[in-house]
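Working notes for the structure below.
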């Protein structure tokens, strides 16, 4: 299975609520005929900024069946058949600001995903490798964060992989559900003291049923 995240930004003339409504009531249904190769399709719409300044308004997550399914889906979207979908994107997205990258997934706390989440997106220092950044997150940084949270019902770490179009916006992406995140700003500040960049947002999940694909 191939898993990707897209960080999608709204057009500057739209309120976040209008962006969310268009995505959910118009764009997601319009995209459904192109989803044959998808196993899961979820949008995590931003509701609150906790740390930093996000350059996006939704985290869209895609789980593709395999590489062939990914290629075929992209080819259909870029063909004449996909023109209405591409034109619709221009009605509510700031497309040049969008970012897309493949990820791996590593459960840190097993549990029900739920509807509301906190996402912690971390960009590593230049002198730290992606492997070391991931290792340090699991071994050192996540345990410190978990110790300062309320009850954690779910936590998933995604490691990002580079693509040809440019540098990764973030290298580690942590999705969690916890009863309290009041210590998150202090944890982020400590991590930034080591040269990391940290963004944290609260989101709400919207998922498209794919009919058992």
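The values are calculated or read from the model by the stated rules, or taken from the named source; none is laboratory data. In this text, all values refer to a predicted model and were calculated from it rather than measured experimentally. Please note: Cβ atoms are built from the backbone with ideal geometry, for glycine as well, and neighbour counts cover all protein chains shown.
Against the condition free of Cβ contacts under 8 Å to residues at least 40 places away in the same chain, surrounded by 12 or more Cβ atoms within 10 Å (Cβ to Cβ) and not in a strand (DSSP E or B), how does residue 182 come out, does it pass? Spell out the reasoning first.
Numbers: free of Cβ contacts under 8 Å to residues at least 40 places away in the same chain: yes; surrounded by 12 or more Cβ atoms within 10 Å (Cβ to Cβ): no; not in a strand (DSSP E or B): yes.
Against the criterion (free of Cβ contacts under 8 Å to residues at least 40 places away in the same chain, surrounded by 12 or more Cβ atoms within 10 Å (Cβ to Cβ) and not in a strand (DSSP E or B)), residue 182 does not qualify.
From the set of residues in segment 157-179 that are out of contact with any helix residue (DSSP H, G or I) (no Cβ under 9 Å at 6 or more places or on another chain) and in a loop (DSSP other than H, G, I, E, B), which is surrounded by the most Cβ atoms within 10 Å (Cβ to Cβ)? Spell out how you get there, then give the answer.
Residues of segment 157-179 that are out of contact with any helix residue (DSSP H, G or I) (no Cβ under 9 Å at 6 or more places or on another chain), as a first pass: 158, 163-167, 169-170, 173, 175, 177, 179.
Pick out the ones that are also in a loop (DSSP other than H, G, I, E, B) and you get 164-165, 167, 169-170, 179.
On the way: 164: 4, 165: 8, 167: 9, 169: 18, 170: 22, 179: 9.
Applying the filter and picking the extreme gives 170.
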Exercise. Would you confirm whether any residue within segment 62-80 is under 16 Å from residue 203 (Cα atoms) and either in a helix (DSSP H, G or I) or in contact with a strand residue (DSSP E or B) (Cβ under 6 Å, 6 or more places away or on another chain) (or both)?
Key: no
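State all residues of segment 92-108 that are assigned to a helix (DSSP H, G or I) and in contact with a helix residue (DSSP H, G or I) (Cβ under 7 Å, 6 or more places away or on another chain); if no residue qualifies, say none.
Filtering segment 92-108 for residues assigned to a helix (DSSP H, G or I) gives 92, 95-97.
Answer for segment 92-108, where residues must be assigned to a helix (DSSP H, G or I) and in contact with a helix residue (DSSP H, G or I) (Cβ under 7 Å, 6 or more places away or on another chain): 92, 95.
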Quiz item: Would you say residue 53 is farther than 19 Å from residue 205 by Cα, surrounded by fewer than 16 Cβ atoms within 10 Å (Cβ to Cβ), in contact with a strand residue (DSSP E or B) (Cβ under 9 Å, 6 or more places away or on another chain) and at pLDDT 95 or above?
Solution: yes
Exercise. Could you tell me whether any residue of segment 126-140 is in contact with a strand residue (DSSP E or B) (Cβ under 9 Å, 6 or more places away or on another chain), surrounded by fewer than 16 Cβ atoms within 10 Å (Cβ to Cβ) and part of a loop (DSSP other than H, G, I, E, B)?
Key: no
Quiz item: What is the number of the single condition among (1) at pLDDT 95 or above; (2) surrounded by fewer than 17 Cβ atoms within 10 Å (Cβ to Cβ); (3) within 29 Å of residue 191 (Cα to Cα) that residue 17 does not meet?
Solution: (3)
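Yes/no matrix, rows are residues, columns are (1) surrounded by 14 or more Cβ atoms within 10 Å (Cβ to Cβ); (2) under 19 Å from residue 160 (Cα atoms); (3) without any contact (Cβ under 8 Å) to a residue 12 or more places away in the chain:
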| site | (1), (2), (3) |
| --- | --- |
| 84 | no, no, no |
| 93 | yes, no, no |
| 101 | yes, yes, no |
| 105 | yes, yes, no |
Exercise. Please enumerate the residues belonging to segment 185-213 that are out of contact with any helix residue (DSSP H, G or I) (no Cβ under 7 Å at 6 or more places or on another chain), within 27 Å of residue 65 (Cβ to Cβ) and either at pLDDT 95 or above or exposed (fewer than 13 other Cβ atoms within 10 Å of the Cβ) (or both).
Key: 203, 204, 205, 207, 209, 211, 212
Self-check item: Selection status of residue 41, buried (at least 17 other Cβ atoms within 10 Å of the Cβ), under 19 Å from the mean Cα position of the chain (by Cα) and part of a helix (DSSP H, G or I)
Solution: no
Quiz item: Got at least one residue in segment 143-156 being surrounded by 13 or more Cβ atoms within 10 Å (Cβ to Cβ), assigned to a helix (DSSP H, G or I) and out of contact with any helix residue (DSSP H, G or I) (no Cβ under 8 Å at 6 or more places or on another chain)?
Solution: yes
